[in-house]
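The values are calculated or read from the model by the stated rules, or taken from the named source; none is laboratory data. Everything numeric here is computed off the predicted structure, so don't read it as measured data. Heads up, the Cβs are rebuilt from the backbone with ideal geometry, glycines too, and the neighbour counts pull from every protein chain shown. Ligands, DNA and RNA are excluded from the accessible area calculation, which covers all protein heavy atoms including side chains. Shrake-Rupley method; radii C 1.70, N 1.55, O 1.52, S 1.80 Å.
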Amino acid sequence: LILRPSHAVFVTDNRLSRGRTWICSNGLELNRALTEWQETQPLMVQPFIDGNGEGVFGLATAHGIRGWSGHRRLRMMNPHGSGSSACMSQAVRPEIQAAVERLIESANWRGLFMIELLRDRSGKSWFVELNGRPWGSMALSRRQGLEYPAWSVMAMLCPNVVVNVPEPKGQPVVCRNVGREVMHLLFVLRGPKSKALRGWPSVWGTVRQLLYINRDQQLYNWRRDDPKVFVTDFWYTIHAHLCKSSRK
């Protein structure tokens, strides 16, 4: 099972915090998690589902949802569960699109949205969360010609104008975040914290994947005319996560 905070954020020492999450496969791991928890915040207890993350994206306007697209994670920065370090575009399945459309309409949502899903080993999709904000893999969307941020501003400024968006590219696009890819390798080297994670990546297999470079793959924040953004993002990604780990 998985233990996670029941609140999106909470305040500790005048700072906002998301809290910790624990994955437990047996009584020993559960007791260790409860000892570390120390009743600092309310927790939810849920079944732990092993699978792969997927995303469904769009722009909800007064004229309906525009710009449907999707992706699946090739690698998560932290194999325990986190944002992707590499992802691939994919078409949105009709049954998923219909379910997402019902959810967005029932919530009366307007603007950008990202629906996060988890597809388990049997192929069943589980709802994780609705993010009404720009998402971490926006670089992948923009590489497909899907300019969600600009369309969102246009829809807000001119709500009566129908936002015309192109169809996403038919050929799958792969986008990699170099800073997160390095962190992925470090997490793999550290090893799993729970026996519930049965498909932990191998070290040499991970090294081979990270060293494989294809001309069709794209990099987050890379622009030939402005490499400083790429270098800065790489540095702050590594620095932020290593400092966070040292504080723990």
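Based only on the alpha carbon positions, what is the Kirkwood hydrodynamic radius of the range 143-214, in angstrom? Spell out each step's value before the answer.
Working: mean 1/r = 0.0620 Å⁻¹.
When all Cα pairs of the range 143-214 are included, the Kirkwood radius is 16.1 Å.
Using C-alpha positions alone, give me the convex hull volume of the chain per residue in cubic angstrom. Present the calculation step by step, with values, prior to reporting the outcome.
On the way: hull volume 41.1 nm³, N = 248.
Convex hull of Cα atoms, per residue: 166 Å³.
Going 7 Å from the Cα of C158 toward and past its Cβ, which residues in the range 97-138 have a backbone nitrogen under 19 Å from where you end up?
Within reach of a label on C158, which here means backbone N under 19 Å from a point 7 Å along Cα→Cβ, the range 97-138 contributes 111-112.
Nearest 0.05, what FRET efficiency do V231 and R208 give at R0 = 25 Å with Cβ-Cβ as r?
With a Förster radius of 25 Å, E is 0.50.
Within the range 137-243, list the chymotrypsin sites (Phe, Trp or Tyr not before Pro) lying in a DSSP loop whose Cβ has at most 10 other Cβ atoms in a 10 Å radius.
Values: sites: W151, F187, W204, Y212, Y220, W222, F230, F234, W235, Y236; in loops: Y212, Y220, W222.
Sites meeting the loop and neighbour criteria: Y212.
Once you have the Kirkwood Rh of the range 81-122 from its Cα pairs, apply Stokes-Einstein at 4 °C and 1.567 mPa s and quote D in µm²/s.
Reported coefficient: 103 µm²/s.
May I ask you to give the solvent-accessible area per residue for the chain, in square angstrom, as obtained with a 1.4 angstrom probe?
Heavy-atom SASA per residue in the chain reads 62 Å².
How charged is the neighbourhood of R215? Take every other residue with its Cβ under 14 Å from the Cβ of R215, and add Lys/Arg as +1 and Asp/Glu as -1.
Numbers: positive: R143, R176; negative: D216.
Surrounding charge for R215 is +1.
Roughly to the nearest percent, how much of the accessible area of the chain is carbon and sulfur, given a 1.4 Å probe?
In the chain, the share of accessible area belonging to carbon and sulfur is 55 percent.
Please go through the residue pairs K195/K244; K195/K228; K124/K244 and name each one whose alpha carbons sit more than 31 Å apart in this structure. If you can, show how the numbers build up before the last one.
On the way: K195/K244 24 Å; K195/K228 41 Å; K124/K244 34 Å.
Those over the limit are K195/K228; K124/K244.
With unit charges on the beta carbons (Lys and Arg positive, Asp and Glu negative) and the dipole taken about the Cα centre of the chain, which residue among W235, Q171, W126 sits farthest to the positive side?
In the chain, that residue is W235.
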